[in-house]
Amino acid sequence: MQIITMKITTTFLVLLIFNLSILSQNYTYPGQLEIKSYKIGDKVNTAQFTKYEDIYFPNYLDGWTIENMSQLSAKYNGLPIAIWKSKKDSSIALTLLNNTILNITFSYITDEEKQEMCKTFSTKFGGEGKTKTYEEHHPLQDWITYWNLITWQTNDVILQIGNSEIRMPSQPATKVIKWNLVYSDFVLEDKIIQDYKKKNHL
């Protein structure tokens, strides 16, 4: 009995250490990443884009709600920041400051594309993305949002791939769901903002 207890305790400790190692995964700064040929800090020709709105989307897919989707962080106040969508490829949306990319959003990603991206990002960050799945129940309604998220995050960079599906609990899950990506790098972003302020004497 004592031997069995020791084996169970040892197995539990191994699993606990394994889980803690996943939770405490430390990523390295990946450097400037290229998403669908775009990089934060690049200049773009806005003639190839359509201006969407003078807002700055949150840096996470997780927690992006109708209440906070247009809220500006204090560091963006007074800056001409806007979302621009590609005329040729509607899956690409760029957050621009004076034609310079601050944030990249990429939609309609297939499972195959997601798998290739995950390999690349895991190599760049030095570890696999943290996976999170959960259900969001809506008050006064029977609908549920089912979230699937993969996140790489340091103090300077956030990159997240995710999808969500709203359906009744009795309904089967959709077989093919496209993924979305958001990417922010605050090291690059802060430099862009400071350069803009110096140039415009703000």
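Couple of notes before you dig in:
- Restraint check, Lys88/Lys191; Lys88/Lys130; Lys43/Lys87; Lys39/Lys191; Lys124/Lys199; Lys36/Lys119, Cα-Cα greater than 22 Å: Lys88/Lys191; Lys88/Lys130; Lys124/Lys199
- Cα-based convex hull volume of region 120-202 per residue, rounded to whole Å³: 155
- For region 89-127 versus region 146-165, the inter-centroid distance based on Cα atoms is 11 Å.
- Straight-distance candidates among the aspartates and glutamates for linking to Lys75, with alpha-carbon spacing under 17 Å and chain neighbours fewer than 8 residues away dropped: Asp54, Asp156, Asp185, Glu189, Asp190, Asp195.
- Accessible area per residue in Å² at 1.4 Å probe, computed on region 76-143: 58
- Accessible surface of region 73-129, 1.4 Å probe: 47 percent of it comes from carbon and sulfur atoms.
The values are calculated or read from the model by the stated rules, or taken from the named source; none is laboratory data. All of these numbers come straight from a predicted model, not from anything done at the bench. We work out accessible area using only protein heavy atoms, side chains counted, and drop any ligands, DNA or RNA first. Shrake-Rupley method; radii C 1.70, N 1.55, O 1.52, S 1.80 Å.
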